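Scroll down for the structure; my scribbles are underneath it.
The values are calculated or read from the model by the stated rules, or taken from the named source; none is laboratory data. Quantities reported herein were computed from a predicted structural model and do not represent experimental measurements. Cβ: placed from backbone, ideal geometry, glycine included. Neighbour counts: every protein chain shown.
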Amino acid sequence: MHNTHGPAPFPYTYHNPVPVLTPDKLIDYCEKRQDYLIAFYLGDKDEEAWGRSTSRFHMNDELLPGVIYLPIQIKNGDIHGLKIVYRTAMSYNNVIFINHAAPYKSNALMKRVAQNPEADGDYFVRNDDIGTFSIEDGNGRACIEMLRDKFGVEDFSKPAYIIVGTGNAGALFAKEISKHADAKLFLVDRLDKSELAAQLHARYYRDALSIPPELFAENDTLVIVDATSHNDKRGGLAPSLDFVRTYDPEKNIIFIDYSMYVTEENYAPFHLKARIGIGQEYVAYTNYIMVTWITKLANERGINIPTPSYAEFLRKVRRSEERISG
């Protein structure tokens, strides 16, 4: 039986944060922590990046009381390490959830383990005690929720969508939008994504400025999502900015930059009419969706963790941030 408090106080605090483990340490860790539910968080980050990973602190305090949100450092391409992670999750029934950061979203091994080669997503959700997992999408849904809540989009078939960077999160949003049959979708990537475009009934271009404007002339609204790797660089502005500026005077534009290091103030000198969304807002939606999944799984195990509203979730994150900064 797992409980939200365990026989002793919860093992992690801001002064004693949850460790970042490598795959070879997982079995020993899970063996010792069977009194708690565990959610894995897979990523490939350096020590500095893990040190500023706010979810490492938020999840183990305000947001998921009693559930250990465990960061796992796994190098890009380390298939052996990925196999260890999945085998461990399947072997310990208190591991209920796996969050995949880039580059592990929708990876091939994940699909094999789930026995669902067509599925795409960033979450692995435990189905039962015998160790089967299903793939769920949080990233694509997060952008949908952001468009609905912040920008008031109600009919997702009406705007034209230009997604710049379709390797991980961008691809998940593209697939989510493609469910709206009448949506006009353009994929922009330096790599050839014509096959993905064909699957999604979209058009592929190497450069956004190469898209003939007559193709979206009838759409009152353009939704431009920049999910390129510039989001790994502090202060780097989105490569799609030139495209946004080209059509800014004449179109209703919603511009979402997934970068965690850019704020709306960074775009202020360009005096854009576009309504802007930034990576910190987008990540808040992804984390909220993840919290709702994990609380649902915990409640199914008999552990009462109330599911917060989005407003309550944001308040808890702010309280955590205040404690971190204080």
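Among the residues of the range 126-158, those that are surrounded by fewer than 17 Cβ atoms within 10 Å (Cβ to Cβ) and either without any contact (Cβ under 8 Å) to a residue 12 or more places away in the chain or of a type in the set (Val, Ile, Thr) (or both) comprise Asn127, Asp128, Ile130, Thr132, Arg148, Gly152, Val153, Glu154, Asp155.
Please go through the range 181-195 and pick out each residue that is in a loop (DSSP other than H, G, I, E, B) and of a type in the set (Lys, Arg). Listed by number, the residues that qualify are Arg190, Lys193.
Return yes or no: is Ala284 within 20 Å of Arg52 (Cβ to Cβ) and in contact with a helix residue (DSSP H, G or I) (Cβ under 9 Å, 6 or more places away or on another chain)? Yes: the conditions hold for Ala284. Yes or no: Glu300 closer than 17 Å to Asn94 by Cβ and among the acidic types (Asp, Glu)? Considered against the rule, which asks whether it is closer than 17 Å to Asn94 by Cβ and among the acidic types (Asp, Glu), Glu300 comes out as yes.
Screening the range 1-120 for strands (runs of 3 or more DSSP E) wholly inside it with 2 or more residues that are touching a residue at least 24 places away in the same chain (Cβ under 8 Å) and of a type in the set (Gly, Ala, Ser) returns the ranges 37-43. Checked against (1) modelled with pLDDT of 90 or more; (2) surrounded by 21 or more Cβ atoms within 10 Å (Cβ to Cβ), Leu63 meets all criteria but (1). Annotation for the range 273-283: at least one member residue is β-branched (Val, Ile, Thr), under 30 Å from Thr132 (Cβ atoms) and not in a loop (DSSP other than H, G, I, E, B).
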